[in-house]
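S.K.: Here's a structure for you.
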Amino acid sequence: MGEYRHRLMDYVREEIMPHRFCVGCGCGTVLNAFVNAVEEIGLEPTKMVCVSGIGCSSWIPSPYFRSDTLHTTHGRPIAFATGVKIMRPDLTVVVIAGDGDVSGIGGNHLIHAARRNIDLSVFMVNNMIYGMTGGQVAPTTPSGTKTSTTPHRNIEPAFKVADLVMTAGATYVARWTTYHVFPLMESMQNAMTRKGFSFIEIISQCPDNYGRRIGKPTANDFLKQFRDDAIRINKTEGMSEEQLDKRIVIGKLCDRERPEYVTQLHEIIREQVAAVKREKTK
Amino acid sequence: MEHTAIQSTSAKKHKPAQPFTREEFERVRRVLKKKVQFAQGDVAVAYGALLAGCRFFAGYPITPATETAEIMSRLLPQVGGTCIQMEDEIASVGAIIGASWAGAKSMTATSGPGFSLMQENIGYAAMTETPCVIVDVQRSGPSTGQPTEGAQGDIMQAKWGSHGDYELIALSPSTVQECLDFTIKAFNYSETYRVPVILLADGIIGHTREKIELPEYGDIQIIWRKEPTVPKAEYQPFADDGTKVPAMNVFGTGYHSYITGLTHAETGYPCTDSQPDHHQLVQRLCDKIRDNRKKIIMVERDYENSTRDETVGIVSYGVTTRTVYSAVKTLRQAGTPVNHLRIITNWPFPEQEVAELAGRVNRIIVPELNLGQVYHSVREAVDGRCPVTACGKIGGEMHTPREIIEAINGSAD
């Protein structure tokens with residue numbers, strides 16, 4: 001009998017394992033869900049480009065996922081991914097990055113990519129903190145929380161990023177947590193197979209640099225909270241905004257059709273090239 | 001004016017490399033229409049890019065560079081290329097880097113404030129050895145400054161704008177024809193050395209209308225990046241094959257390459273804790289430009305057979321060169337021997353060429369549209385061989401020939 005090899009090892013860069021995620025980090029769960037999702041829909045990694053930014057969750061695809069991978073500057077993966085997707089519409093372009101990267105420093109790129117409805121899948125891993133730098137307040141940190149840069153308390157409200165992306169024009173938006181692995185996988189499959197701007201907010205845990213400070217030092221503490229706080233979108237009818245703010249609304253938040261950016265761009269190219277040809281033959 | 005346009009782009013007959021075929025070139029030429037035109041510098045930049053095979057442009061409107069984006073957005077789709085207006089200049093450079101890895105020659109155009117925003121991603125392009133062209137149509141700064149006025153204030157920023165050690169290439173056109181020719185050169189350097197190349201135009205030349213002549217197939221050399229020839233499993237995106245310029249894969253062709261701005265090994269994988277690995281990588285990034293300085297550096301010399309004691313030197317670049325031609329003529333008519341060195345390649349800086357000039361003249365003046373930038377590089381290269389005087393002018397107007405002559409006469413003692 002040969003040596004046991006997990007069926008998904010071909011999808012990861014085995015040569016640089018073990019990974020660098022902390023014990024209990026949610027990034028491993030997201031990588032697991034992502035790799036499973038890719039395999040289940042039969043997506044060839046050769047036909048994918050993963051783009052990520054700076055921060056712990058940017059390491060999920062880069063370097064661990066074995067496709068062409070562009071590990072960009074902080075906050076800019078969506079901008080880089082836009083260039084890749086326009087030139088190669090045949091490739092599935094996936095951005096995986098953190099809440100600080102995507103909604104903090106890179107928030108403007110997020111809004112405009114959603115507005116364009118460009119065919120990208122953006123998976124934002126929201127651990128509610130700047131984890132890699134040691135636990136500073138993020139745009140997504142709940143107010144009242146003590147972090148290393150809000151030692152007294154955070155007086156800012158947490159950013160409702162999924163709502164923002166929906167309003168900006170994304171055609172598929174969902175929210176899950178690292179507790180809801182199977183629906184997350186299914187949602188990732190939907191995002192990667194449909195055309196248009198897809199956004200999944202994945203509420204995740206950072207026991208080391210966030211949990212320790214708020215009395216949740218283990219992954220379990222977070223996962224239990226995600227389980228208890230989560231409420232399916234179809235069960236929220238009649239709930240006030242105040243009630244909802246105390247919960248994590250999970251599920252598919254929006255799924256709609258709008259003209260996709262790259263398709264339209266290439267339509268213009270076809271029209272223009274044809275017009276030049278007609279002029280030539282005149 | 002004793003101005004001779006740079007012939008180097010059209011001097012030799014070259015067969016353009018694949019994948020830019022003769023058919024594609026002819027298609028671009030048809031779209032650009034007449035061979036001889038009256039056009040702005042910004043427009044000529046766009047024409048040069050299209051002729052060089054640029055198929056992706058991302059930009060953000062900014063005076064005085066907007067015309068390039070306008071022309072690209074109109075003409076790129078006609079030749080099968082794509083143009084996108086991004087949400088800002090940071091995104092513009094990000095998009096052209098992404099497009100470059102997806103296999104396109106790509107470009108953006110901006111001016112000072114946008115160029116400032118671009119610096120982090122320009123450093124990323126240098127670190128990841130991504131070919132791309134950034135056009136900076138310089139205007140008066142700092143900050144918003146004089147948006148509609150030309151300047152030469154970004155020369156140092158072009159070299160030192162991003163953090164850390166790196167080398168890139170920057171070219172300064174002084175005519176509208178050169179805006180076209182040097183954009184083609186910028187793409188060629190970029191593809192040859194896998195490096196971001198900056199075209200340092202300015203608001204004056206960008207908005208000046210002059211006669212331009214479009215090249216034909218075979219008139220110009222068009223270079224395409226070196227692609228890997230080794231089996232896919234053996235390919236390393238940052239392995240030095242002896243030229244210090246690694247072969248570059250295209251995304252989506254099965255190489256599964258890993259590209260990061262982190263310090264990386266030849267495999268592309270991060271090795272951020274290793275002093276020797278960082279040193280080896282960054283030294284190679286610098287050496288691939290420094291070792292090839294003779295091939296990259298372009299200057300124009302207009303020297304006289306006169307003794308050092310009686311001869312004055314002028315170092316100029318970009319649009320200021322035009323005034324210097326006139327000043328040189330007047331000075332010579334008045335009996336003052338002048339040696340004029342025009343810098344075309346601002347970076348890497350032509351140190352040896354400036355040092356050589358310093359050995360032939362009793363003093364050097366450096367007229368430029370700033371308060372002293374290239375002046376410092378000149379002084380460093382001259383290294384005490386003769387006095388060097390800055391002759392800066394800011395505010396959006398070019399020097400008059402008289403101002404340059406007075407600066408020379410005033411620097412006599």
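S.K.: Please go through segment B:54-70 and pick out each residue that is open to solvent by 10 Å² or more (accessible area, probe 1.4 Å) and either within 14 Å of another protein chain (Cβ to nearest Cβ) or touching a Cys at 6+ places or on another chain (Cβ under 9 Å) (or both).
M.R.: Initially, segment B:54-70 is screened for residues open to solvent by 10 Å² or more (accessible area, probe 1.4 Å), giving B:55, B:60-63, B:66-67, B:69-70.
Selection gives B:R55, B:Y60, B:A69.
For every residue, the table says whether it meets (1) over 28 Å from A:G100 (Cβ atoms); (2) within 14 Å of chain B (Cβ to nearest Cβ).
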{"position": "A:Q189", "(1), (2)": "no, no"}
{"position": "A:K195", "(1), (2)": "yes, no"}
{"position": "A:E201", "(1), (2)": "no, no"}
{"position": "A:C206", "(1), (2)": "no, no"}
{"position": "A:D221", "(1), (2)": "no, no"}
{"position": "A:L253", "(1), (2)": "no, no"}
{"position": "A:H266", "(1), (2)": "yes, yes"}
{"position": "A:Q272", "(1), (2)": "yes, yes"}
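S.K.: Does B:G103 satisfy the condition of being open to solvent by 10 Å² or more (accessible area, probe 1.4 Å), touching a helix residue (DSSP H, G or I) at 6+ places or on another chain (Cβ under 9 Å) and within 12 Å of chain A (Cβ to nearest Cβ)?
M.R.: Spelling it out, B:G103 is indeed open to solvent by 10 Å² or more (accessible area, probe 1.4 Å), touching a helix residue (DSSP H, G or I) at 6+ places or on another chain (Cβ under 9 Å) and within 12 Å of chain A (Cβ to nearest Cβ).
S.K.: Moving to a separate point now. B:E178: on the phi < 0 side of the Ramachandran plot, acidic (D, E) and open to solvent by 20 Å² or more (accessible area, probe 1.4 Å), yes or no?
M.R.: no
S.K.: For the subset of segment B:121-150 comprising residues that are in a loop (DSSP other than H, G, I, E, B) and either open to solvent by less than 10 Å² (accessible area, probe 1.4 Å) or basic (K, R) (or both), which member is farthest from B:L50 (Cα to Cα)?
M.R.: B:T128
S.K.: Return the pair list, or none, for Cβ contacts closer than 8 Å from residues in segment A:148-165 that are in contact (Cβ under 8 Å) with a residue 24 or more places away in the chain to residues that are exposed (fewer than 15 other Cβ atoms within 10 Å of the Cβ) and hydroxyl-bearing (S, T, Y), at least 6 apart or on different chains.
M.R.: What qualifies is A:A158/A:S143.
Results for (1) at the interface with another protein chain (Cβ under 10 Å from one of its Cβ atoms); (2) among the acidic types (D, E); (3) over 30 Å from A:K216 (Cβ atoms), shown as yes or no for each residue.
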{"position": "A:D10", "(1), (2), (3)": "no, yes, yes"}
{"position": "A:C22", "(1), (2), (3)": "no, no, no"}
{"position": "A:C56", "(1), (2), (3)": "no, no, no"}
{"position": "A:H71", "(1), (2), (3)": "yes, no, no"}
{"position": "A:T82", "(1), (2), (3)": "yes, no, yes"}
{"position": "A:A97", "(1), (2), (3)": "no, no, no"}
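S.K.: If you go through segment B:47-58 one residue at a time, do you hit one that is within 29 Å of B:D219 (Cβ to Cβ) and in a loop (DSSP other than H, G, I, E, B)?
M.R.: yes
S.K.: Continuing with this model, one more query. Could we say that B:V93 is in contact with a strand residue (DSSP E or B) (Cβ under 8 Å, 6 or more places away or on another chain), assigned to a strand (DSSP E or B) and modelled with pLDDT of 95 or more here?
M.R.: Details: in contact with a strand residue (DSSP E or B) (Cβ under 8 Å, 6 or more places away or on another chain): yes; assigned to a strand (DSSP E or B): no; modelled with pLDDT of 95 or more: yes.
Taking the combined requirement at face value, the residue does not satisfy it.
S.K.: Scan segment B:81-97 and tell me whether some residue there is within 13 Å of chain A (Cβ to nearest Cβ), free of Cβ contacts under 8 Å to residues at least 12 places away in the same chain and not acidic (D, E). Don't jump to the end; show me each part of the working.
M.R.: Initially, segment B:81-97 is screened for residues within 13 Å of chain A (Cβ to nearest Cβ), giving B:81-97.
Now restrict to residues that are free of Cβ contacts under 8 Å to residues at least 12 places away in the same chain: none.
So far as segment B:81-97 goes, no, none of its residues is within 13 Å of chain A (Cβ to nearest Cβ), free of Cβ contacts under 8 Å to residues at least 12 places away in the same chain and not acidic (D, E).
Rundown of residues vs (1) more than 12 Å from every other protein chain (Cβ to nearest Cβ); (2) surrounded by 15 or more Cβ atoms within 10 Å (Cβ to Cβ); (3) farther than 13 Å from B:E129 by Cβ, yes/no style:
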site	(1), (2), (3)
B:A233	no, no, yes
B:A239	yes, yes, no
B:Y255	no, yes, yes
B:K288	yes, yes, no
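S.K.: Let me spell it out: the conditions are (1) crowded, with 22+ Cβ neighbours inside 10 Å; (2) aliphatic (A, V, I, L, M); (3) part of a helix (DSSP H, G or I), and B:A355 meets all of them except one. Which number is the exception?
M.R.: Status for B:A355: all satisfied but (1).
S.K.: Could you please let me know if A:D101 is facing chain B (nearest Cβ under 8 Å), at pLDDT 95 or above and over 20 Å from A:P183 (Cα atoms)?
M.R.: Values: facing chain B (nearest Cβ under 8 Å): no; at pLDDT 95 or above: yes; over 20 Å from A:P183 (Cα atoms): yes.
So A:D101 fails the test.
S.K.: Condition check: away from every other protein chain (no Cβ under 14 Å), of a type outside the set (D, E) and open to solvent by less than 20 Å² (accessible area, probe 1.4 Å). Does A:N126 satisfy that?
M.R.: When the stated conditions are applied, A:N126 passes them.
S.K.: Also, I was wondering about something else. Name every residue in segment B:201-228 that is open to solvent by 20 Å² or more (accessible area, probe 1.4 Å) and acidic (D, E), in order of residue number.
M.R.: B:E210, B:E213, B:E216, B:D219, B:E227
S.K.: Right, another one. Spot the failing condition for B:R308; the list is (1) crowded, with 16+ Cβ neighbours inside 10 Å; (2) touching a Lys or Arg at 6+ places or on another chain (Cβ under 8 Å); (3) under 17 Å from B:L357 (Cβ atoms), and only one is missed.
M.R.: Going through (1) crowded, with 16+ Cβ neighbours inside 10 Å; (2) touching a Lys or Arg at 6+ places or on another chain (Cβ under 8 Å); (3) under 17 Å from B:L357 (Cβ atoms) one by one, B:R308 breaks only (1).
The values are calculated or read from the model by the stated rules, or taken from the named source; none is laboratory data. Since the structure is predicted, the reported quantities are computational estimates derived from the model, not experimental observations. Heads up, the Cβs are rebuilt from the backbone with ideal geometry, glycines too, and the neighbour counts pull from every protein chain shown. The accessibility values were calculated without ligands, DNA or RNA, using every heavy atom of the protein model including side chains. Shrake-Rupley method; radii C 1.70, N 1.55, O 1.52, S 1.80 Å.
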